[in-house]
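The values are calculated or read from the model by the stated rules, or taken from the named source; none is laboratory data. Remember, it's a predicted structure, so these values are computed and weren't measured experimentally. So basically every Cβ, Gly included, is an ideal-geometry build from the backbone, and we count neighbours across all protein chains shown. Side chains are part of the model used for accessible areas, which takes the heavy atoms of the whole protein and leaves out ligands, DNA and RNA. Shrake-Rupley method; radii C 1.70, N 1.55, O 1.52, S 1.80 Å.
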Amino acid sequence: MSGAALGLEIVFVFFLALFLLHRYGDFKKQHRLVIIATLLAWYLCFLIVFILPLDVSTTIYNRCRLAVNSSPAESNGSYVTLAPSKQKCFKPWSYIPNGIMPIFWRVVYWTSQFLTWILLPFMQSYARSGGFSITGKIKTALIENAIYYGTYLLIFGAFLIYVAVNPNFNLQWNQLQTIGIAAANTWGLFLLVLLLGYGLVEIPRSHWNGAKRGYLLMKTYFKAAKLMTEKADAEENLEDIMEEVRKVSESIKYNHPLRKCVDTILKKCPAEYQERMGRNMDDYEDFDERQNSYPNEKSLVKLHKQVIYSVQRHRRTQVQWQILLEQAFYLEDVAKNETSATRQFIHTFRSQEPENKIIQYFYTPTVEWYWECLLRPWFYRVLAVVLATFSVIVVWSECTFFSTKPVLSLFAVFIQLAEKTYNYIYIEMACFLTIFFLSICVYSTVFRIRVFNYYYLASHHQTDAYSLLFSGMLFCRLTPPLCLNFLGLTHMDATISHKDDQPTAYTSIMGSMKVLSFIADGFYIYYPMLVVILCIATYF
């Protein structure tokens, strides 16, 4: 079984990332490089979350084996026995052989950092560019990222000069690497605590409110009114942009040098607008450069960018409007069916999509009535209580994980109790549930957050390329500090536990943070306590 668990999780996480990306992205319309880059970023971040519990169980076994090797011992098959105390070190079923995990983490970590700091920002500018050629888009992307890259190079160069002229510093390459990792993790931890504080409160609260039918219906009405305003604004904006395109199309005729650019813009317009513009123009009329003033290529690039944005926004609001209407009708049906004497769920409007026959066979109107009107509210309440309990444990542990004598972090207590009996299944399950809950709180906030109309993850294939790439950047920057925070909560990080034990393979590639003691002993330990203030602010 050595390495089998690692292989299975690698395959499973790939399909999980692919499924989520298919839900938010559009494989048919969006550029393949955007899909591949976003998929790789999501995949690597999800992979870290799923593989880290295996790293923890393997590290605990290796610690036991090192303790055994330092004492007289006997080998017996799949475990090692201490001669004096007869203590057994069972090999976990998911044990990963030595040497594999450090290479694995190094590849995953540095690939994700290359994506988030170099490739994805460049691809964002490239995808948002209105250029008509690959060269033009690359040029635009380089110009937009010049300040972004230049700022980091300036800071790094100033730091190197300071180290070179200061005789008190004698930094080696591995220490410079550790400083770079610490800087990236500090930036990520700053954002991580903000998102975590929101998710710890909002996730249990949203499930509790999900049991309130009246609340859900009123909230849907509110969303519908808000979306109606956004939909009208998107339609008006599209009309204005299409009017500009029409004027440009009529002024630049077939034999104008920029006509190819205009044709490219027209292909991005909705079909009905293309037909309308085609009927209203005489495409074989020669242009007269002396009598008319024509837009230049720079203005066409700007118009092209506006067309792409306005068309995508209009399509997204149209799809969301239909989905929200179906949701409102369904919640109204639930309210009507709650008093039904026949205990059979009756729909006012049937879904236009064909239903699965297997689901239709088992999910009968009677089963649907019992689930929607009777069981689902209670299920959501119980789930909300469980999630709220997890949130309280996380907040308590974030405020107390620096204490080692006594151990106050509940996650560290659970892991240490299981470590005494070498119950690896329990260790892996406890680690997975802990980091999975932390990830849900952080990642769900990334999926919910909206920065005006520039960043917005919309389901049903309505997310634009810029937002997909931005989400990949956020995941790659948030996941490493999230994992370090998890290892600190469970006292698997030597910086927190102050023990001279073998570190996890993930911690070993991060290097010793003691190079920057004010970060290792200060910021990493005390800054997560702010999650309490953020939770209170979110609650109120």
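Restricting the search to the range 437-466, which residues are in a helix (DSSP H, G or I), under 18 Å from Ala127 (Cα atoms) and among the hydrophobic types (A, V, I, L, M, F, W, C)? Can you show your working first?
Keep residues of the range 437-466 that are in a helix (DSSP H, G or I), which gives 437-448, 465-466.
Those left that are additionally under 18 Å from Ala127 (Cα atoms): 465-466.
Scanning the range 437-466 gives a single hit, Ala465.
Kindly list, by first and then second residue, each pair from a residue in the range 479-497 that is open to solvent by less than 10 Å² (accessible area, probe 1.4 Å) to a residue that is assigned to a loop (DSSP other than H, G, I, E, B), limited to pairs with Cβ atoms under 6 Å and residues at least 6 apart or on different chains.
Every condition considered, the pairs that remain are Leu487/Asp493; Gly488/Phe401; Leu489/Phe401; Leu489/Ser409; Met492/Thr504.
Here is a check on your reading of the model: is Glu428 part of a helix (DSSP H, G or I), in contact with a Ser or Thr (Cβ under 6 Å, 6 or more places away or on another chain), over 30 Å from Ala234 (Cα atoms) and not hydroxyl-bearing (Ser, Thr, Tyr)? It would help to see each step written out before you state the result.
Details: part of a helix (DSSP H, G or I): yes; in contact with a Ser or Thr (Cβ under 6 Å, 6 or more places away or on another chain): yes; over 30 Å from Ala234 (Cα atoms): yes; not hydroxyl-bearing (Ser, Thr, Tyr): yes.
Answer is yes for this residue.
In the range 499-531, which residue that is modelled with pLDDT of 85 or more and aliphatic (A, V, I, L, M) is most open to solvent (accessible area, probe 1.4 Å)?
Leu530
Looking only at the range 343-368, how many residues end up being in a helix (DSSP H, G or I) and either at pLDDT below 85 or in contact with a Pro (Cβ under 8 Å, 6 or more places away or on another chain) (or both)? Steps first, please.
First, pick out the residues of the range 343-368 that are in a helix (DSSP H, G or I): 357-362, 365-368.
Keeping just the survivors that are either at pLDDT below 85 or in contact with a Pro (Cβ under 8 Å, 6 or more places away or on another chain) (or both) gives 357-362.
Residues meeting the conditions: 6.
Name the residue that is most open to solvent (accessible area, probe 1.4 Å), counting only residues in the range 301-342 that are of a type in the set (Asp, Glu) and part of a helix (DSSP H, G or I).
Here is the first cut: in the range 301-342, the residues of a type in the set (Asp, Glu) are 326, 332-333, 338.
Next cut, part of a helix (DSSP H, G or I) only: 326, 332-333.
On the way: Glu326: 99, Glu332: 56, Asp333: 5 Å².
It comes out as Glu326.
Name, by its number, the condition in (1) open to solvent by less than 20 Å² (accessible area, probe 1.4 Å); (2) at pLDDT 95 or above that does not hold for Phe390.
(1)
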